[in-house]
Amino acid sequence: MAETPTYIVAPTPVARSGLRSMLDPELFVVVGEAGFLPDGVAALRGADVIVAAGEENLGAAPAGGYPSLAFVILTDDGDRTLSWLRAASPFGWGILPPDATPEEIGAAAISAANGLAVLPRDFAEEMADSMAEGLGGEAPPEPLTAREREVLALLAEGLSNRKIARELYISEHTVKFHLSSIFAKLDVSSRAGAVSRGAHFGLVSL
């Protein structure tokens with residue numbers, strides 16, 4: 001598996017060293033680090049994902065946001081972080097509690113770098129109200145059925161159509177039918193887009 005180029009943002013050298021030590025060197029290569037996120041996308045060339053300790057060191061999102069970058073932010077201020085992410089419009093994103101484990105940080109960073117939105121289940125429960133407020137209380141134009149929610153949840157876990165079929169004891173053809181319906185309801189055209197929109201509406205958590 002290729003190393004994911006990663007940029008670390010944390011307020012102190014000790015905090016940056018701590019984050020760096022939590023990233024598996026076989027999966028991540030740190031291409032830069034700073035106390036504050038550099039101004040503009042150009043300064044971050046070479047990085048695929050930004051791992052930040054808190055959103056307060058990220059500054060204001062530039063015009064156009066960060067469509068080619070992913071962010072994983074360790075924070076206990078979900079509402080403020082969601083507001084920042086909405087303005088930044090990153091390629092993928094993850095929100096984790098400050099005491100997240102190395103495994104959680106690594107999984108979130110890889111998922112975000114692949115265009116997914118990541119929110120741990122236990123943290124999602126604590127942030128449910130603020131998440132709804134931060135996203136404007138949005139809901140899908142057309143609600144998903146219980147079965148479609150199950151399919152979306154398994155999709156968010158990275159399962160293939162065949163594995164989803166096995167988990168739910170249905171045929172692959174039926175899985176494809178449900179995915180087609182999910183894509184239409186969430187107005188997306190890809191599996192990654194469905195997971196991202198699903199997380200956006202609070203339908204799934206990773």
Worksheet entry | Within the chain: Cβ-based charge dipole about Cα centre, in debye rounded to nearest 20 (Lys, Arg +1; Asp, Glu -1) | 780
Practice prompt. Report, in debye and to the nearest 20, how large the dipole of region 146-200 comes out about its Cα centre when Lys and Arg carry +1 and Asp and Glu carry -1 on their Cβ.
Written response: 60
Discussion item. Quick check on the exposure proxy: order Ile182, Ile170, Ile73 from fewest to most C-beta atoms within 10 angstrom.
Written reply: Ile170, Ile182, Ile73
Worksheet entry | Computed [θ] at 222 nm, deg cm²/dmol, the chain (DSSP H ≥ 4; -39,500 (n - 2.57); rounded to nearest 500) | -13500 deg cm²/dmol
Practice prompt. For a label point 7 Å from the Cα of Ala63 along Cα→C-beta, name the residues of region 40-55 whose backbone N is under 20 Å from it.
Written response: 40-44
Worksheet item: Once whole DSSP H runs in the chain are found, which of them have Cα atoms spread over 20 Å or more along the helix axis and a mean Kyte-Doolittle score of at least -0.5?
Response: 172-186
Discussion item. Could you compute the longest span of the chain free of chymotrypsin sites (Phe, Trp or Tyr not before Pro) located in DSSP loops and having at most 13 other Cβ atoms within 10 Å, not counting the site residues?
Written reply: 37-168
Discussion item. Let's test the formula: R0 of 25 Å, r as the Cβ-Cβ distance of Glu56 and Glu26. What FRET efficiency results, to the nearest 0.05?
Written reply: 0.20
Item to complete: For the chain, build the charge dipole from Cβ charges (+1 Lys, Arg; -1 Asp, Glu) around the Cα centre, then report which of Thr174, Ile95, Val72 sits farthest towards its positive end.
Response: Thr174
Response to the item:
When the charge dipole of the chain is computed with +1 at the Cβ of Lys and Arg and -1 at the Cβ of Asp and Glu, the Cα pointing farthest to the positive end, of Ala184, Ala112, Leu23, is that of Ala184
Worksheet entry | √(5λ) per eigenvalue of the Cα gyration tensor, the chain, largest first, Å | 30, 18, 15
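Values in this text are rule-based calculations from the coordinates and carry no lab data. Small disclaimer: the values here were computed from a predicted structure and weren't measured. Heads up, the Cβs are rebuilt from the backbone with ideal geometry, glycines too, and the neighbour counts pull from every protein chain shown.
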